[in-house]
Amino acid sequence: MKILALDLGKFKSVSCFAIDGQPPVYGRVATDIQSIHDLLVKLEPDRLVVEIGPSAGWVHDLAAALGVQVQVVNPNDERWHWKRVKEKSDRKDALKMFQLSRMGELPLMPMPDANTRQWRSLIRYRSNLVDRRTMVKNCIRAIFQMQGILLPKADKAWTIAGLEQIGRQANEKPPADQLWRLQLHSELACLQSLEKQIDQITAQLDALGKTNPQVQRLQTAPCMGPRLSETVVAALGDARRFKNARQVGCYAGLTPRRWQSGTSDRQGHISCAGNRLLRKLLVEIAWISVRRKTWMTTVYENIRRGSDKRRKIAIVAVARRLLVKLWAMLRDGSEWKDPGATTAMTVATATGD
C-alpha cells in the first residue's frame with residue numbers, strides 16, 4: 001500500500017510518502033489546492049493521512065474526489081501527544097502519522113461534509129461576535145465609570161432610550177479636556193456595526209434551522225431554542241456513530257477525568273474536550289431549566305444533596321443528561337417525551353389507576 005502523510009502548515013506542508021517495505025521519502029509542498037492536487041496526481045497514493053486543522057477540510061474533499069482513502073487524525077488522543085521527546089519537527093509529525101496509519105493504530109475522527117463545516121463555522125462566528133459585543137459594552141461602561149457616571153444596570157443601558165442617551169454623550173463636540181468622548185464615539189460605532197452583523201447572521205442561521213427537521217425536532221424539548229438546537233445537530237453530526245450515552249458525554253467533554261492505580265480510583269474535573277460552545281450552551285440552558293422548575297430541577301436537587309459546594313457538579317450532570325436525551329432524539333428520530341409524564345404514567349399503571 002502506498003501511504004502519503006501530510007503535516008499541513010499555514011504556507012508549506014511536509015509530506016512523508018512510502019510504499020510497504022521501502023524507506024519513506026520526505027518533501028515539501030505549498031499548502032494550496034493546485035499544489036496538493038498535483039502531488040496527489042503524481043504520487044497516486046492509496047491512502048492520505050492528515051491531521052485535523054483549518055486546511056484539513058478542503059484537502060479531504062480534494063483527495064476524496066480523486067478516489068483516495070483519507071484518514072483524519074485526532075490530535076486530542078493520548079497516542080498522538082508528544083511527551084518527553086528531545087525533538088519535535090514537521091518531518092517527525094508526518095513520519096508518526098505514516099507509521100501509526102501503517103500499524104492501524106491511528107486515532108481517527110470523522111470529517112463532516114463541506115456544508116456542515118460551513119454551518120459549524122457560521123455558528124462559531126456568531127458566538128464570537130456576541131462575545132465581541134459584550135466586550136464593547138464593557139468598554140463603554142468603563143469609559144463612563146472613569147468619568148464618574150454610572151450607566152443603568154444589566155440590559156437597561158442598552159435599550160433604545162439608553163442608547164440614545166449614550167449617543168448624545170458621544171456626538172457632543174468634545175472640548176480639549178474631554179477626549180474620552182472620541183473613544184466613546186468609536187466604541188458606539190463598533191457596537192452598532194456588531195449589532196447589524198449579529199442580526200444578519202442570526203437571520204441566516206434561523207433560515208437554515210427552519211429547513212432542518214432535526215433542529216426543529218430538538219426545539220420541541222423544554223427551554224430549547226434555535227441556538228442550542230443547531231449547535232447540537234451540527235456538533236454531533238450522525239448521531240448513530242456514538243455507541244452509547246457515555247461516548248456522547250465524552251465527545252462534549254462533560255465526563256470526569258479518571259486516575260486509577262491499584263486500589264486508588266479517583267475522578268477529577270470534567271475533561272473539557274470537544275466543542276466548547278456546545279458545553280457553554282448546555283450549561284446555560286441547564287441553569288435556565290432548573291430555575292423554571294422543569295424535569296431538570298429534580299435531577300439537579302438529587303445530585304446537589306442540599307450542599308452549595310455541589311452546585312457546579314450538579315449543573316454539569318444536568319447538562320450531560322440533557323445532551324444525552326437530545327442525542328437519543330436524533331438517533332431515534334423521535335419527539336421530546338417529558339420524563340415527568342412518563343414517570344407519572346408508570347406509577348399509575350403500577351397502582352392500577
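The values are calculated or read from the model by the stated rules, or taken from the named source; none is laboratory data. A quick note: this is a predicted structure, and the numbers were derived from the prediction, not measured. In this analysis, Cβ positions are derived from the backbone assuming ideal geometry, glycine residues included, and neighbour counts consider all displayed protein chains. Quick note on the areas: whole protein, heavy atoms, side chains included, nothing else; ligands and nucleic acids left out. Shrake-Rupley method; radii C 1.70, N 1.55, O 1.52, S 1.80 Å.
Can you list the residues, at least 5 places off or on another chain, whose amide H is less than 5 Å from the amide H of residue 49, using H built in the peptide plane?
Those qualifying (amide H under 5 Å, at least 5 residues apart or on another chain) are 4, 5, 6, 71.
Quick one: Karplus J couplings for region 116-131, per residue in order, coefficients 6.51, -1.76, 1.60, θ = phi - 60°, nearest Hz, x for Gly and Pro?
Once rounded to whole Hz, the list reads 5, 4, 5, 4, 4, 4, 5, 5, 5, 5, 4, 4, 5, 5, 5, 5.
Could you tell me which residue out of 205, 194, 221 lies farthest along the dipole of the chain toward its positive end? Charges go on the beta carbon: Lys and Arg +1, Asp and Glu -1, centred on the Cα centre.
The listed residue farthest towards the positive side: 221.
For region 192-267, what is the charge dipole size about the Cα centre, in debye to the nearest 20, if Lys and Arg each add +1 at the Cβ and Asp and Glu each add -1 at the Cβ?
460
Give me the percent of the accessible area of region 101-146 that comes from carbon and sulfur atoms, probe 1.4 Å, all protein chains in place.
51
Could you give the dipole magnitude of region 1-130 about its Cα centre, charging the beta-carbon of Lys and Arg +1 and that of Asp and Glu -1, in debye to the nearest 20? Working shown, then result.
On the way: 19 positive and 15 negative charges, 104 e Å.
Dipole about the Cα centre, nearest 20: 500 debye.
What does the convex hull of the Cα atoms of region 120-243 come to per residue, in Å³, rounded to a whole number?
Given the Cα convex hull of region 120-243, per-residue volume reads 135 Å³.
Where does the longest stretch of the chain lie that holds no GluC sites (Glu not before Pro) found in a DSSP loop with 13 or fewer other Cβ atoms within 10 Å?
By the stated rule (loop sites, at most 13 other Cβ atoms within 10 Å), 173-334.
When the Cα atoms of region 4-157 are enclosed in a convex hull and the volume is divided per residue, what value in Å³ results?
Details: hull volume 28.5 nm³, N = 154.
Hull volume over Cα atoms, normalised by residue count, gives 185 Å³.
Mind checking the per residue accessible area of the chain for me, 1.4 Å probe, whole number of Å²?
60
If you filter region 1-97 for chymotrypsin sites (Phe, Trp or Tyr not before Pro), then keep DSSP loop positions with at most 15 other Cβ within 10 Å, what is left?
Taking region 1-97 and a limit of 15 other Cβ atoms within 10 Å, the loop chymotrypsin sites (Phe, Trp or Tyr not before Pro) found are 11, 82.
Beyond 35 Å, what share of the Cα-Cα pairs of the chain is found? Please give it as a whole percent.
46
Which residue fluctuates most in the GNM of the chain (Cα springs below 10 Å): 146, 97, 111?
146
Longest exposed-loop-site-free stretch of the chain, with trypsin sites (Lys or Arg not before Pro), DSSP loop and at most 15 other Cβ within 10 Å?
No qualifying site falls inside 154-242, the longest such stretch.
Considering amide H positions built from the backbone, and no H for Pro or chain starts, which residues 5 or more places from residue 108, or on another chain, come under 5 Å of its amide H?
Those lying under 5 Å, H to H, from residue 108 are 74.
Taking a threshold of 30 Å on the Cα-Cα distance, which of the pairs 10/83; 96/325; 42/88; 10/196; 210/337 fall above it? Mind showing how you got there, number by number?
Details: 10/83 24 Å; 96/325 38 Å; 42/88 28 Å; 10/196 32 Å; 210/337 21 Å.
From 10/83; 96/325; 42/88; 10/196; 210/337, over 30 Å: 96/325; 10/196.
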